[in-house]
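Colleague: To start, I am sharing the structure in question, which I have written as C-alpha cells.
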Amino acid sequence: ERFFSKGFYSLITTSIFDSKYKGSDGIERNTAFNNGYVLNVLAGKEFKFKPESRYTFTFDTKITTAGGRYYTPVDLLASNEAQTEVKQETLAYSERYAPYFRFDVKFGFKMNSKKRQVSHQFFMDIQNVTNQKNIAFTYYDLEQQNVVTKNQLGLIPILSYRLEF
C-alpha cells in the first residue's frame, strides 16, 4: 500500500484460498466460492493546476482478476424430458467458469470553495474498459431446450457528481 503522497496512491491486495465442503454422501467437493484467488491492483494520481489551487484533476485505475467460479452442470437430456432445469447433482461444483477479469478507469475534476468548506466533484467512471465478457451464470432455457450462458454487463460508463461539505 502506498498512502496518499505527492498526489499519488496505490494499493495491491490478494487472497489465495481453497473452499470445499463434504456432503452427506461423504464426498468432498468444491464450493461455489472456490475461486482459488482474487487480485486487485489500484492506483491513482491527483494533479493540482497550481500548488495553492482549488482545482484538481484526478485519475484512477483498477484491475481485478479472480479464478473462475465452480458450478454444477445442467443435465440437458433430463432437463429436456422434465421441461425444467435439472442439475447433475452427483457432479456438484465440478465445472468451472473462465477466470474473471475487469479493468476500470476513472477520471474527474474537483473544485474546492474558497474557504474549503464545500467541494464539488465531477467524475467519469468507465467500468470494464476492455468490455470483458465475464460469465455470470448458465441455465437451462426451456424455449431453446438448451443450456444458455449469461454474461455480466460489459463496458459501463458512469457519470457522477458529488457534493461534500
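The values are calculated or read from the model by the stated rules, or taken from the named source; none is laboratory data. Just so we're clear, the structure is a prediction, and the values are computed from it rather than from any experiment. Cβ atoms come from the backbone with ideal geometry, glycine included; neighbour counts cover every protein chain shown. Remember, those area values only see protein heavy atoms, side chains included, never the ligands or the DNA or RNA. Shrake-Rupley method; radii C 1.70, N 1.55, O 1.52, S 1.80 Å.
Colleague: Going through ARG116, ARG96 one at a time, which residue ends up being of a type in the set (D, E, K, R), at pLDDT 95 or above and open to solvent by 70 Å² or more (accessible area, probe 1.4 Å)? Steps first, please.
Modeller: Details: ARG116 fails: at pLDDT 95 or above.
ARG96 is the lone residue from the list that is of a type in the set (D, E, K, R), at pLDDT 95 or above and open to solvent by 70 Å² or more (accessible area, probe 1.4 Å).
Colleague: Could you list, in sequence order, the residues of the stretch 58-115 that are of a type in the set (A, V, I, L, M) and over 21 Å from the mean Cα position of the chain (by Cα)?
Modeller: Answer for the stretch 58-115, where residues must be of a type in the set (A, V, I, L, M) and over 21 Å from the mean Cα position of the chain (by Cα): VAL74, LEU76, LEU77, ALA78, ALA82, VAL86, LEU91, ALA92, MET111.
Colleague: Do any strands (runs of 3 or more DSSP E) entirely within the stretch 1-41 hold 2 or more residues that are loosely packed, with under 10 Cβ neighbours inside 10 Å, and if so, which? Walk me through how you get there before you give the answer.
Modeller: Numbers: elements: 2-5, 8-16, 20-22, 28-30.
It comes to 2-5.
Colleague: Quick check on MET124: is it modelled with pLDDT of 95 or more and over 23 Å from ASN30 (Cβ atoms)?
Modeller: Yes; evaluated as a whole, the condition is true for this residue.
Colleague: Yes or no: the stretch 44-67 includes at least one residue that is of a type in the set (Val, Ile, Thr), open to solvent by 50 Å² or more (accessible area, probe 1.4 Å) and without any contact (Cβ under 8 Å) to a residue 24 or more places away in the chain.
Modeller: Within the stretch 44-67 (the criterion being of a type in the set (Val, Ile, Thr), open to solvent by 50 Å² or more (accessible area, probe 1.4 Å) and without any contact (Cβ under 8 Å) to a residue 24 or more places away in the chain), the answer is no, since none of the residues qualifies.
Colleague: If you don't mind, there's one more thing I want to ask. In the stretch 68-80, which residues are crowded, with 17+ Cβ neighbours inside 10 Å and of a type in the set (A, V, I, L, M)?
Modeller: Keep residues of the stretch 68-80 that are crowded, with 17+ Cβ neighbours inside 10 Å, which gives 69-72, 74-75, 79.
Within the stretch 68-80, just VAL74 meets the criteria.
Colleague: When you check GLU85 against the structure, is it open to solvent by 40 Å² or more (accessible area, probe 1.4 Å) and either closer than 26 Å to VAL147 by Cβ or in contact (Cβ under 8 Å) with a residue 40 or more places away in the chain (or both), yes or no? Working first, answer last.
Modeller: Values: open to solvent by 40 Å² or more (accessible area, probe 1.4 Å): yes; either closer than 26 Å to VAL147 by Cβ or in contact (Cβ under 8 Å) with a residue 40 or more places away in the chain (or both): yes.
Considered against the rule, which asks whether it is open to solvent by 40 Å² or more (accessible area, probe 1.4 Å) and either closer than 26 Å to VAL147 by Cβ or in contact (Cβ under 8 Å) with a residue 40 or more places away in the chain (or both), GLU85 comes out as yes.
Colleague: Being open to solvent by less than 50 Å² (accessible area, probe 1.4 Å), touching a residue at least 12 places away in the same chain (Cβ under 8 Å) and more than 30 Å from LYS20 (Cβ to Cβ) narrows it down to one residue among ASP141, ASP104; which is it?
Modeller: The conditions single out ASP104.
Colleague: Within the group MET111, MET124, which residue is surrounded by 13 or more Cβ atoms within 10 Å (Cβ to Cβ) and farther than 16 Å from LYS62 by Cβ?
Modeller: MET111
Colleague: Right, another one. Given ASN131, ASN151, ASN146, which one is open to solvent by less than 80 Å² (accessible area, probe 1.4 Å) and touching a residue at least 60 places away in the same chain (Cβ under 8 Å)?
Modeller: Step by step, each of ASN131, ASN151, ASN146 is checked, and only ASN146 is open to solvent by less than 80 Å² (accessible area, probe 1.4 Å) and touching a residue at least 60 places away in the same chain (Cβ under 8 Å).
Colleague: Looking at the stretch 60-67, is at least one residue touching a Pro at 6+ places or on another chain (Cβ under 7 Å) and β-branched (Val, Ile, Thr)?
Modeller: So far as the stretch 60-67 goes, yes, one or more of its residues are touching a Pro at 6+ places or on another chain (Cβ under 7 Å) and β-branched (Val, Ile, Thr).
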